[in-house]
Amino acid sequence: MRRLLLFDIDGTLVAGGPAKSAFHLALMETFGTAGAIEAHNFAGKTDPQIARELLRGAGFSEADIDAGFPRLWDRYVTHLEERLHTQPMQVLPGVVALLDAAVDHDGVALGLMTGNIVRGAELKLGSAGIWNRFRTGSFGSDHEERDELPAIALDRAHTEWGVAFSPDQAVVVGDTPRDIQCGRKTGMRTLGVATGRYAISDLEGAGADRVVPDLSDTRWVLSLLTD
Ligand SMILES: [Mg+2]
């Protein structure tokens, strides 16, 4: 194994879906408010970070937020699972072909690095038929701060494949400046994908090693990921 690929989920592998409405409803049921959810920027943040920001903004104490979290996540995954049956996530262009090619490529390990809580990640990618392509990863349920997720992903990869990947053997694939900055801080390589709300120039501006418009050119993208 010489490369560990760490994919973000929303805007990178899949788009759409009912996560925001499930999250909104879970916040209402648990805390009686979803705060300023319509105006809030979710991009590249972890689920617990988003919830904490919204609830702080609505005047809740840290203790009240922490006390409500178990119920919030329970309600969220319940609503998410229900809604995904009729509103599954849409796989972004080229993703399935790229994952197939990466699985067949010697020396490439496939993982996730996402702000989604792990059960949310499983439900979202499961609805798109690609959850089983990933054997491990790090998630918003592992740590509220995205910058803590790379070390956790490397640890899990070590356990899964028995390989002590160095940061520069890992490639973060993501659609937001936060994904890119988080990878760079840890010394990981970064590939920006402009299929979310950010343009190629935004991802270049965040310091991405390479940026692609989408993942549809399988051979080119795989060559960037494995060079
Ligand atoms: Mg994303």
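The values are calculated or read from the model by the stated rules, or taken from the named source; none is laboratory data. Note that this is a predicted model, so its numbers are computed, not measured. Every residue, glycine among them, receives a Cβ derived from its backbone with ideal geometry; neighbour counts consider all protein chains shown.
Some notes on this structure:
- Selection within segment 193-212 - of a type outside the set (A, V, I, L, M) and either free of Cβ contacts under 8 Å to residues at least 12 places away in the same chain or over 17 Å from Val14 (Cβ atoms) (or both): Ser201, Asp202, Glu204, Gly205, Gly207, Asp209, Arg210
- Condition check for Leu27: in a helix (DSSP H, G or I), among the aliphatic types (A, V, I, L, M), more than 16 Å from the ligand (Cβ to nearest atom) and touching a helix residue (DSSP H, G or I) at 6+ places or on another chain (Cβ under 6 Å): no
- Top-ranked residue of segment 19-57 - restricted to ones that are within 16 Å of the chain's Cα centre (by Cα) and of a type in the set (S, T, N, Q), ranked as farthest from Glu144 (Cα to Cα): Asn41
- Subset of segment 134-174 (residues that are touching a strand residue (DSSP E or B) at 6+ places or on another chain (Cβ under 9 Å) and of a type in the set (A, V, I, L, M)): Leu149, Ala151, Ile152, Ala153, Leu154, Ala157, Val163, Ala170, Val171, Val172, Val173
- Extreme residue, farthest from the ligand (Cβ to nearest atom), among residues of segment 4-20 that are modelled with pLDDT of 95 or more and either over 30 Å from Arg189 (Cβ atoms) or assigned to a strand (DSSP E or B) (or both): Leu4
- Restricting Arg156, Arg184, Arg189 to residues that are in contact with a helix residue (DSSP H, G or I) (Cβ under 9 Å, 6 or more places away or on another chain) and charged (D, E, K, R) narrows the list to Arg189.
- Residue in segment 171-202 that is nearest to Thr46 (Cα to Cα), counting only those that are of a type in the set (A, V, I, L, M, F, W, C), touching a Leu at 6+ places or on another chain (Cβ under 9 Å) and within 15 Å of the ligand (Cβ to nearest atom): Cys182
- Within segment 162-181, the set of residues being of a type outside the set (Ser, Thr, Tyr), buried (at least 22 other Cβ atoms within 10 Å of the Cβ) and in contact (Cβ under 8 Å) with a residue 60 or more places away in the chain comprises Ala170, Val171, Val172, Val173, Gly174, Asp175, Asp179.
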